[in-house]
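Have a look at the structure below before the remarks.
The values are calculated or read from the model by the stated rules, or taken from the named source; none is laboratory data. It should be emphasised that the depicted structure is a prediction, and the values quoted were computed from it without experimental measurement. All Cβ positions, even for glycine, are placed from backbone atoms using ideal geometry, and neighbour counts span all protein chains on display.
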Amino acid sequence: MIAVIADDVTGGTDAASACRGAGLRTLLSFGIPLSPADEVVNVHVVALKTRSIPAQDAVRQTLDAARVLLEAGADSFYFKYCSTFDSTADGNIGPVLDALSDLLNVGSVVTTPAAPSHGRTVYRGYLFVGDKLLAESHMRNHPLTPMRDSSVLRLLGAQTARRITMLDLPVVRDDSDLLQQKITDGSTCPRYLVADAICDDDLRRLAHAIRNERFAAGSAGLISAIARERARSEAAPPALPLPTRSAVVAGSCSEATLGQIAAFKQAGFPWYELDVLATPNPEALEADALAWFDRTPTDQPALIYSSRSPEELAKIQAVLGVERSAQIIEHATAEIAAALVRRGVGRIVAAGGETSGAVVKGLKLRTGLVGREAALGVPWIHFGDAFAILLKSGNFGDRDLLVRAATQTTT
């Protein structure tokens with residue numbers, strides 16, 4: 001069994017979707033599993049929420065999850081972090097990699113944030129978002145993890161004291177045993193190998209080269225290739241029906257999500273904006289939103305959102321502070337999601353990593369079976385027949401994703 005530990009909720013769904021897409025039966029747990037799963041699966045993904053918490057807490061939670069997965073019989077591990085390397089000089093990617101490497105007693109660890117299908121590529125150790133260097137992309141001014149450097153080696157080097165070397169593109173594409181030798185040469189000296197990859201075939205080569213390694217790390221790109229390397233022929237699962245009444249809860253301030261919200265409004269469906277400046281109280285925000293929802297038609301999907309443009313978000317944070325404004329929104333979002341389910345909503349679409357984490361927390365979701373994708377890296381997760389959820393990273397999906405996910409009938 002492949003064990004995947006992700007540092008945030010939508011990262012976990014992205015990795016789970018990649019493994020499910022390779023034909024592997026995949027479970028997804030939100031938070032540390034209480035015990036090994038009874039169900040026989042090829043992959044068990046654990047989605048934590050450790051990306052932006054203190055490094056020592058991230059390490060502790062990750063190791064607790066890893067120990068449960070070891071007890072469940074995992075024979076290989078993957079630490080899934082964001083394809084834009086979301087982190088700071090304090091972590092948490094480096095400290096978690098160090099801790100897992102020690103727990104699993106491994107030497108060299110191959111890692112790459114490359115995910116070409118999402119426009120993330122690595123060349124000469126530099127991370128590109130589309131045709132821009134990471135530090136020149138939208139991530140430069142991220143409110144939690146502003147990325148001001150594009151060198152993966154330097155970014156990781158600020159977070160760990162261990163040796164870091166590069167697997168450049170000529171090595172990755174070499175048809176001899178050079179790539180394998182570069183990986184195994186470090187077995188007695190712990191180090192990280194940052195790999196170039198500019199297309200899916202580069203990831204396929206990497207996955208084949210590390211097929212017998214116990215630990216690797218990176219974005220959903222590499223775990224997808226690893227899953228396909230491991231996969232066996234399986235019959236396609238049948239389509240699963242989706243519960244009828246749906247709601248969308250959005251909090252991401254990314255360009256993609258803002259466009260998806262605009263498309264939802266243009267489709268003529270009801271929507272409600274959470275105004276944290278006018279109502280800086282989570283209980284009052286929740287009460288107003290639910291009073292509005294109770295007046296909406298039951299046969300139409302409804303949208304409740306707190307997403308703002310970068311300029312509007314900056315104004316909110318200037319008045320309330322970054323931490324307080326985030327806490328108000330996350331608390332209100334969690335309570336709203338739980339109340340929506342009590343009102344008969346059987347399908348929720350959550351847009352944004354922090355929003356998805358709040359929704360999962362509010363609904364107390366634990367472990368579900370991964371279904372088909374609504375968009376690349378965005379799978380439905382089924383909890384029996386009565387409830388399904390879609391957790392979307394802020395930047396993922398085409399403009400019509402929210403409309404499509406809220407109205408489709410099967411997955």
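Can you find even one residue in the stretch 47-62 that is without any contact (Cβ under 8 Å) to a residue 40 or more places away in the chain, assigned to a loop (DSSP other than H, G, I, E, B) and farther than 23 Å from Gly91 by Cβ? The answer is no, given that none of the residues of the stretch 47-62 is without any contact (Cβ under 8 Å) to a residue 40 or more places away in the chain, assigned to a loop (DSSP other than H, G, I, E, B) and farther than 23 Å from Gly91 by Cβ.
Only residues that are in contact with a strand residue (DSSP E or B) (Cβ under 8 Å, 6 or more places away or on another chain) and either under 15 Å from Leu27 (Cβ atoms) or hydroxyl-bearing (Ser, Thr, Tyr) (or both) were counted across the stretch 378-387, and they come to 5. Take the residues in the stretch 204-216 that are in contact (Cβ under 8 Å) with a residue 40 or more places away in the chain and assigned to a loop (DSSP other than H, G, I, E, B); name whichever of them is surrounded by the fewest Cβ atoms within 10 Å (Cβ to Cβ). Within the stretch 204-216, the match that is surrounded by the fewest Cβ atoms within 10 Å (Cβ to Cβ) is Arg214. The residue that is farthest from the chain's Cα centre (by Cα), among those in the stretch 54-84 that are of a type in the set (Ser, Thr, Tyr) and crowded, with 22+ Cβ neighbours inside 10 Å, is Thr62.
It is to be established whether one or more residues within the stretch 98-106 are β-branched (Val, Ile, Thr), crowded, with 24+ Cβ neighbours inside 10 Å and in contact with a strand residue (DSSP E or B) (Cβ under 8 Å, 6 or more places away or on another chain). Checked against the condition, which is being β-branched (Val, Ile, Thr), crowded, with 24+ Cβ neighbours inside 10 Å and in contact with a strand residue (DSSP E or B) (Cβ under 8 Å, 6 or more places away or on another chain), the stretch 98-106 yields no hits at all. Among Pro280, Pro297, Pro241, Pro270, which is the only one that is over 30 Å from Val110 (Cα atoms), surrounded by fewer than 24 Cβ atoms within 10 Å (Cβ to Cβ) and not assigned by TED's automatic domain parsing to the domain that holds Arg343? Checking each option against the conditions leaves just Pro241.
Mind checking which residues of the stretch 217-232 are in a loop (DSSP other than H, G, I, E, B) and either in contact with a Lys or Arg (Cβ under 6 Å, 6 or more places away or on another chain) or at pLDDT 95 or above (or both)?
If the condition is that a residue be in a loop (DSSP other than H, G, I, E, B) and either in contact with a Lys or Arg (Cβ under 6 Å, 6 or more places away or on another chain) or at pLDDT 95 or above (or both), then Ser219 is the only one that fits.
Do we have Glu286 as in contact (Cβ under 8 Å) with a residue 12 or more places away in the chain, surrounded by 14 or more Cβ atoms within 10 Å (Cβ to Cβ), in contact with a helix residue (DSSP H, G or I) (Cβ under 8 Å, 6 or more places away or on another chain) and among the charged types (D, E, K, R) here? Answer is yes for this residue. What tally of residues in the stretch 261-271 results from selecting those that are within 23 Å of Pro143 (Cβ to Cβ) and touching a strand residue (DSSP E or B) at 6+ places or on another chain (Cβ under 7 Å)? The total comes to 1.
In the stretch 255-262, is there at least one residue being out of contact with any Cys (no Cβ under 6 Å at 6 or more places or on another chain) and loosely packed, with under 14 Cβ neighbours inside 10 Å? The answer is yes; a qualifying residue exists. Take the conditions (1) in contact with a Phe, Trp or Tyr (Cβ under 8 Å, 6 or more places away or on another chain); (2) within 16 Å of Ile93 (Cβ to Cβ); Asp8 misses just one of them, which is (1). In the stretch 136-151, the qualifying residues are those that are more than 15 Å from Ser83 (Cβ to Cβ) and not charged (D, E, K, R), and the one that is modelled with the highest pLDDT is Ser151. Flag: Asp385 does not match the condition of being in the same structural domain as Ala262 (by TED's automatic domain parsing), surrounded by fewer than 24 Cβ atoms within 10 Å (Cβ to Cβ) and at pLDDT 90 or above.
Quick check on Gln300: is it in a helix (DSSP H, G or I) and over 15 Å from Thr333 (Cβ atoms)?
no
Across the stretch 23-31, a minimum of one residue is classified as out of contact with any strand residue (DSSP E or B) (no Cβ under 6 Å at 6 or more places or on another chain), modelled with pLDDT of 90 or more and in the same structural domain as Ser224 (by TED's automatic domain parsing).
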